[in-house]
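The values are calculated or read from the model by the stated rules, or taken from the named source; none is laboratory data. No experiment lies behind these values; they were computed from the predicted model shown. Note: ideal-geometry Cβ built from the backbone for every residue, glycine included; neighbour counts use all protein chains shown. Surface areas here come from the heavy atoms of the whole protein model, side chains and all, with no ligands, DNA or RNA. Shrake-Rupley method; radii C 1.70, N 1.55, O 1.52, S 1.80 Å.
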4 protein chains.
Amino acid sequence: MDLRNDSLDQLHEDLANANMAPTWKYVSEFVAREPKVSYRPWLWRWDDVIPLLMRAGDLITPERGAERRSMEHVNPDLKPFYSTSHTIATAFQLVRAGETAPAHRHMAGAIRFAARSKGGTVYTKVQGERLMMEENDLLLTPTGTWHEHANETQNDIIWLDALDFPLVNMMQASWFMPGEGQVCPDKPDDYSRRQLGLYRPVGTGGYPESHPVLRYPWVEMKEALLNASKGPGSAFDGTILEYVNPINSGSTLPTMSCRAQLLKAGSKTKAHRATSSTVYFVIGGEGVSIINGSEFHWGRGDVFVAPTWSWHEHHCKGEDAFLFSITDQPVLQMLGMFREEALEENDGHQQVASRFTP
Amino acid sequence: MDLRNDSLDQLHEDLANANMAPTWKYVSEFVAREPKVSYRPWLWRWDDVIPLLMRAGDLITPERGAERRSMEHVNPDLKPFYSTSHTIATAFQLVRAGETAPAHRHMAGAIRFAARSKGGTVYTKVQGERLMMEENDLLLTPTGTWHEHANETQNDIIWLDALDFPLVNMMQASWFMPGEGQVCPDKPDDYSRRQLGLYRPVGTGGYPESHPVLRYPWVEMKEALLNASKGPGSAFDGTILEYVNPINSGSTLPTMSCRAQLLKAGSKTKAHRATSSTVYFVIGGEGVSIINGSEFHWGRGDVFVAPTWSWHEHHCKGEDAFLFSITDQPVLQMLGMFREEALEENDGHQQVASRFTP
Amino acid sequence: MDLRNDSLDQLHEDLANANMAPTWKYVSEFVAREPKVSYRPWLWRWDDVIPLLMRAGDLITPERGAERRSMEHVNPDLKPFYSTSHTIATAFQLVRAGETAPAHRHMAGAIRFAARSKGGTVYTKVQGERLMMEENDLLLTPTGTWHEHANETQNDIIWLDALDFPLVNMMQASWFMPGEGQVCPDKPDDYSRRQLGLYRPVGTGGYPESHPVLRYPWVEMKEALLNASKGPGSAFDGTILEYVNPINSGSTLPTMSCRAQLLKAGSKTKAHRATSSTVYFVIGGEGVSIINGSEFHWGRGDVFVAPTWSWHEHHCKGEDAFLFSITDQPVLQMLGMFREEALEENDGHQQVASRFTP
Amino acid sequence: MDLRNDSLDQLHEDLANANMAPTWKYVSEFVAREPKVSYRPWLWRWDDVIPLLMRAGDLITPERGAERRSMEHVNPDLKPFYSTSHTIATAFQLVRAGETAPAHRHMAGAIRFAARSKGGTVYTKVQGERLMMEENDLLLTPTGTWHEHANETQNDIIWLDALDFPLVNMMQASWFMPGEGQVCPDKPDDYSRRQLGLYRPVGTGGYPESHPVLRYPWVEMKEALLNASKGPGSAFDGTILEYVNPINSGSTLPTMSCRAQLLKAGSKTKAHRATSSTVYFVIGGEGVSIINGSEFHWGRGDVFVAPTWSWHEHHCKGEDAFLFSITDQPVLQMLGMFREEALEENDGHQQVASRFTP
């Protein structure tokens, strides 16, 4: 070509034809000054959702071949991804008295939180180890582990699932394998906790598993929270504790950190934001969280999400409130992308502009 | 409602209205049996691309305010993301004799590979340390580090940039800050390598930086490859070495591992695939890589991408060939999502079905 | 000098005068083919020792200014060092009803094992945290931590101390500081376990202490042992579990690993030896350990030591037996000096040549 | 016995008979308030020592079966241990032109520092890898590694050995194995540095060795020191750099950290002390170190030791001086026993009370 007549327009056209893009033209589209977040905060009320789950309890029977009677919390901005935040998907699952589900495994890592359980022999079995589910217990099913469940009691159980499949799908790394027959040898109940947590076999070359603790009983976490609440706590979260994987002093799963927090009666926390997203489940109590200037009123059993980089603060109304939450913060930290900041103005409190209604 | 007339259709409708999704209906859309990969392998020929870059050299002058004269390799399936694989974006950048670019910093981590340099005082300055760029040297600009560059010679330089901004954008965590004046105190040239690599100040509380080595000279890597090539090498990659961050024995950046490999004259490797993607730059030599059954013929200066879960194998034609590559494997490993497999059939070689043309 | 008349003898003399030593002459004195161990196995019977301790209970009163009413198990070969093995010193300590001891701290790290306790408010306070002592509980007082104790009950308590002061003294690094008044702010009881073990405060920059768990209740360890005993166990030790520091997945202290083991009724283990030494305390049951060919018969409350590189195996007589033990194995491992081997001959059992009597 | 007549004297006698020791009586003997150090600082002059070594060169011929023509620096207070400090033993070794020594290995870890070498094919071979010895190069022979050497040049070589055998012997863990024939397969020269340092084979499960770098050339260290000397340096040591093991960002060996330092012409450092001991070798220059109030004048080739907890400071006389040193600091740190302090009084300088003469 005759370069004397060359022009930027011509170059841009030729670049497009060559599957190249001029950085000088498009850089602001792929390097933003601040996080551009694609989804909004949202809240799902227990009273709206559970009736739907109970209807599924009648309509979806084991005989019809449904192994998984669960319902995803789908952020209205994330419909194509079936997810709650951009990296985390939560769901409620119902297992009726006497039901069982066969084993399977998959790339996605998951946790289960026993939202409503009367105890007894209701369990998730992970890699051959039965993990009993008392109310508000936390269970892990890490990536690639065989898991199945059974409810051998006379009562229904409802639990909260949280999976990292949105992250798996971003990575384009999904993988699923159904089990057949016995997938791995049985271990004693609570094997991981008793044998691999603080009391480890000698002479076996260290921990045989990457997740030495698969169950964290609520009675322990609650006692820890009550003890910790005698101290000062966090300005942003009240008394908040992270469930720890003792093998590496890290989070429950590499992709999801689980936490529980106690907001004292009448307390108000200050607002902050971070390059991480968090999904909350209300264990008990009532309150309101202000997320990006909008009030989210919550009570027992509700689920809500604070997106990446959203300002959020919590106010507890009435009695002490307990929240359980799942955050992708460890992912951001591993990638070197975690940043956080406190709200400076107005003594750390947002101006309330609206009240959320679903 | 009258539950005697309830139906799955009605439930599904009610769930949608409640921003819930029935897992039993949609699970296969978010939990796939195998990786569903959204983009194809591709190749950009040096001879096609560099004339475009040289035209930009004339059209984009520093006076016009363009700080960054570079061009992205955009996979035709990833146009909205301006990226080469789903996690990695590469580009060629041209810096003309006498040009400089002021400092900035951003969330995205980056590496630079000096594709064409005649040496001299051409450098990228990272956190106050000048890193000289001899041909095929590797330089790091980790997340959040100030970087700027200058070409004080009489010759143009062209380098390959690789950034993790697609991953930053997936995480919705972008952040950018332009610099003004002197952004940080000057350090001696090659400070990180000489002071923080194998020879570290005592009594300073350990390494002051998370990346103790910011420059890896090609003369060292080439010598290492030649030494290593006396050994057996990898069935899939010939002689392949990873650039190591000595502070944690890990990859160059947490998000991107850099590698160089030597394919001996006439050698053929076997096919494998993994839940990671790789972008290649041809340092020298000629050959053909078969990716998902299609032939990609390459020569010096070409760039090509092997997507996640793509079968790939390399054949060297003529003299010894040298490839430089960037892979997101460390991300998959940190997340617990790395899997790989060898091709079993046909002695590890794919059936060739087509030949790539851009 | 006239070197024509030089001789080795003359050279050796001249070297000695120059404070040099000829390696060729003395190398076998400082580089031995096998560990040269300077001390023998030994056993202290509860029934011999405790009457002495009770006499001290009468003779050593708090009024006489004795803060520490304890008695060291001194290996007859290690008298100058007041120690049980070359790296570990154990002692029995008696704290009478109503007694207290003020705080102090020292370089030596220590553990306490509550050999006889009726529970109640009897505690060691470490860094402001009260650790209650139920029978057979394990408590840590790591290097440099303030510790004091009190027995507010109506009963005496006897515990086993194990300290690493022999190692501190080898390193010539001893250091001691008595406390005055309140040495550090009070924390809630069992703070470390509840707040720093599996449930950790968020946003505090991680664990505030290097030892997040300071107390390991016997009820937990015993349950873990009983569970683990359903599995195969170790050929050399029966069912044996190590107390784990969850912050680094390491041993209780960097210098001493604590363990508990269950020897099933009638069981016989095989002999092995290692470059580590171990002191045992018999929690319950009766048996005999064969150490370097000599029988050591033991029952509840006895203490015995297996020196470095000593062959040892255990036979349980009567009911299930429980042993607590302390070993310097982590030191040897950190230094890169840990080696172990199994006895090959005679199906792994030593020839018994003698029976130990004190 | 009749306890009404009991007495402390009687109890002490009975305790001794029972191989027990009363803590209240002896505690100050095993828990000192400050480090009790058993040995003094000392200095060996090159000019005194090397003539002895050369005489050994004539008297100890390979034919007489001496594999190791070396001479230990024996602290006059540590004669039974043949060591320089309580944990470190150094020696000078002479290998004459054309000599070789067969392979052996032992528990003790060692380093070699090429005090006088004219280069050429003079090497230590470690695990099959030849490490060439240019003057002042540092070489590692970690615990348990096969090593042998050869001097294929026309010149003698003298090197400094430093071994951790005093520590091995404290731990009673010595072990030695002579080699016969070829002890392990040959590797390329400088294999560890080139293949395992900053450039690591992919797909081999990480580093195959615990010490990925076995040789540190003086040309690199010297350049690093000169660069670092443009910065402020340490108040106690001038410009001082530690040789780093990149696999774990740790010291050269777990038992010994190696360092080199540059004392600028005329400079004076301040005094400090620590619970670690250090042996120095003077690479070049002249100066005086004040150790515990005594002057130690040194010049090229001298060796001197600063014991644990000794105050020490350095004054450089004349031109820039370079020191090489070996310290047991990493051992103290691993054990949790490292403490250090600066001299407060007299602006950080000791009162000089004497001048050392051997």
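Miscellaneous remarks
- In the range A:194-232, residue farthest from residue C:199 (Cα to Cα) [restricted to those that are more than 9 Å from every other protein chain (Cβ to nearest Cβ) and at pLDDT below 75]: A:205
- Residue in the range B:87-94 that is within 7 Å of chain A (Cβ to nearest Cβ) and within 14 Å of the chain's Cα centre (by Cα) present: yes
- Residue ID - farthest from the other protein chains (Cβ to nearest Cβ), chosen from residues in the range D:255-265 that are open to solvent by 10 Å² or more (accessible area, probe 1.4 Å) and touching a Gly at 6+ places or on another chain (Cβ under 8 Å): D:265
- Where a residue in the range C:46-61 is within 20 Å of residue C:296 (Cβ to Cβ) and its partner, wherever it lies, is outside any helix (DSSP H, G or I) and basic (Lys, Arg), with Cβ under 8 Å and at least six apart: C:46/C:300
- For the range C:84-132, residues that are modelled with pLDDT under 95, part of a loop (DSSP other than H, G, I, E, B) and surrounded by 21 or more Cβ atoms within 10 Å (Cβ to Cβ) total 2.
- Selection count where residues are under 27 Å from residue C:77 (Cβ atoms) and either of a type in the set (Gly, Ala, Ser) or not in a strand (DSSP E or B) (or both), scope the range C:136-174: 13
- Strands (runs of 3 or more DSSP E) (entirely within the range B:210-325) containing at least 3 residues that are under 30 Å from residue A:337 (Cα atoms): B:239-245, B:257-263, B:278-291, B:303-306
- In the set (1) modelled with pLDDT under 95; (2) within 21 Å of residue B:168 (Cα to Cα), residue A:81 fails one condition alone, (1).
- Meets criteria (open to solvent by 30 Å² or more (accessible area, probe 1.4 Å) and not aliphatic (A, V, I, L, M)) for residue B:325: no
- Checked against (1) over 17 Å from the mean Cα position of the chain (by Cα); (2) open to solvent by less than 30 Å² (accessible area, probe 1.4 Å), residue C:275 passes all but condition (1).
- Odd one out for residue B:139 among (1) at pLDDT below 95; (2) buried (at least 16 other Cβ atoms within 10 Å of the Cβ); (3) within 28 Å of residue D:240 (Cα to Cα): (1)
- Considering residues of the range A:14-42 that are more than 7 Å from chain B (Cβ to nearest Cβ) and of a type in the set (S, T, N, Q) only, the residue nearest to residue B:74 (Cα to Cα): A:17
- Among residues of the range C:9-33 that are of a type in the set (Gly, Ala, Ser), those with a Cβ under 7 angstrom from a residue that is assigned to a strand (DSSP E or B), sequence gap 6+ or separate chain, pair up as C:21/D:71; C:21/D:72; C:32/D:176.
- Exactly one residue out of A:318, A:336, A:348, A:284 is modelled with pLDDT under 95 and away from chain B (no Cβ under 14 Å), and it is A:318.
- Unmet requirement for residue B:252, which otherwise passes all of (1) open to solvent by 10 Å² or more (accessible area, probe 1.4 Å); (2) closer than 12 Å to residue B:329 by Cβ; (3) at pLDDT below 95; (4) more than 9 Å from chain D (Cβ to nearest Cβ): (1)
- Of all residues in the range A:340-357, at least one satisfies being surrounded by fewer than 18 Cβ atoms within 10 Å (Cβ to Cβ), more than 22 Å from residue A:36 (Cβ to Cβ) and β-branched (Val, Ile, Thr).
- Checking B:146, B:175 one by one, the residue that is touching a residue at least 40 places away in the same chain (Cβ under 8 Å), within 14 Å of chain A (Cβ to nearest Cβ), of a type in the set (Phe, Trp, Tyr) and surrounded by fewer than 24 Cβ atoms within 10 Å (Cβ to Cβ) is B:175 and no other.
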